[in-house]
Amino acid sequence: MSVAAPYKHFTDRDALLAELATQGYREQRNRFAAAVNGIEDPAEQLASFAAAYVRFAAEEPALFDVSFNAGLDKSRFAELATAGDEVARLLLPVARRLASNPDAAFDLLLRIAAAAHGLAVFLRLGLFGVGDAVLSDTEEKAARTARAITRQDAGS
């Protein structure tokens, strides 16, 4: 394949990256849906989401990177924006079960996702070591952090 081959299908580099990022968001949504499925307790659903977030970053590093680091303008790529919104539509109702209002639910979900993202980045940088045990440990860190955040909110 030549360097120019992708441009037969995409108008420019950003269009190619947007397609990859859209795939990344769809994969995240599928993984997060599987992670929360069958769990009744919303705090445990969010803990499972946080662990799945870390696993996605470890198992799909290219999709993780393009989803969060490509600097794409979502207003230019409607399908990308929709795919990202689908992730929020999956998780916001879970957070809403723990929060007093929609803004609080968004804030709760944002803090849990930010913590999971940070742990995922640290894992990817090798700050926790390497190997399958490190991934499992980091997933548990993410789940514990999510639980702590939801407990903190419940105590407020």
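Between ILE39 and ARG144, the contour length at 0.36 nm per residue exceeds the Cα-Cα span by 36.2 nm. When the residues LEU108, LEU90 are ordered by accessible surface, computed with a 1.4 Å probe over the protein chains alone, the sequence from largest down reads LEU90, LEU108.
Quick check for me: using +1 on Lys/Arg Cβ and -1 on Asp/Glu Cβ, what's the dipole size of segment 26-142 about its Cα centre, in debye to the nearest 20?
Working: 12 positive and 17 negative charges, 54 e Å.
Approximately 260 debye in magnitude.
Surface listing: LEU91, LEU63, LEU110 arranged by accessible area from highest to lowest gives LEU110, LEU63, LEU91, probe 1.4 Å.
With axes computed from alpha carbons, what is the tilt in degrees of helix 102-124 against the longest principal axis of the chain, rounded to the nearest 10 within 0 to 90? Orientation of helix 102-124: about 70 degrees from the principal axis.
Carbon-plus-sulfur accessible fraction, segment 1-105 (probe radius 1.4 Å, protein heavy atoms only): 52%.
Here segment 99-143 and segment 62-97 have alpha carbon centers that stand 17 Å from each other.
Each residue of segment 12-23 was assigned a 3J(HN,Hα) from its phi angle through the Karplus curve 6.51 cos²θ - 1.76 cosθ + 1.60 (θ = phi - 60°); the sequence is 6, 4, 5, 5, 5, 4, 5, 5, 5, 5, 4, 4 Hz, with glycine and proline shown as x. Ligands, DNA and RNA excluded, the heavy atoms of SER75 present near 100 Å² of accessible surface to a 1.4 Å solvent probe. Working note: Debye formula, equal point scatterers on the alpha-carbon atoms of the chain, no solvent; log10 I(q)/I(0) at q = 0.17 Å⁻¹ is -0.99.
Of the GluC sites (Glu not before Pro) in segment 20-86, which ones lie in a loop per DSSP and count no more than 13 other C-beta atoms within 10 Å?
Details: sites: GLU27, GLU40, GLU44, GLU59, GLU79, GLU86; in loops: GLU40.
Loop-located and lightly packed - GLU40.
Averaged per residue, the chain has 55 square angstrom of accessible surface, using a 1.4 angstrom probe with ligands and nucleic acids left out. In a Gaussian network model over the chain where Cα atoms closer than 10 Å are linked, find which of ALA57, ALA114, ALA33 has the largest mean-square fluctuation. Evaluated over the chain, the most mobile residue of the options is ALA114. Only helical DSSP H runs with n ≥ 4 go in: add -39500 (n - 2.57) per run for the chain, normalise by residue count and round the 222 nm mean residue ellipticity to 500 deg cm²/dmol. Calculated mean residue ellipticity at 222 nm is -25500 deg cm²/dmol.
The values are calculated or read from the model by the stated rules, or taken from the named source; none is laboratory data. Since the structure is predicted, the reported quantities are computational estimates derived from the model, not experimental observations. All Cβ positions, even for glycine, are placed from backbone atoms using ideal geometry, and neighbour counts span all protein chains on display. Each accessible area value is taken on the protein alone, full model and side chains, heavy atoms only, with ligands, DNA and RNA left out. Shrake-Rupley method; radii C 1.70, N 1.55, O 1.52, S 1.80 Å.
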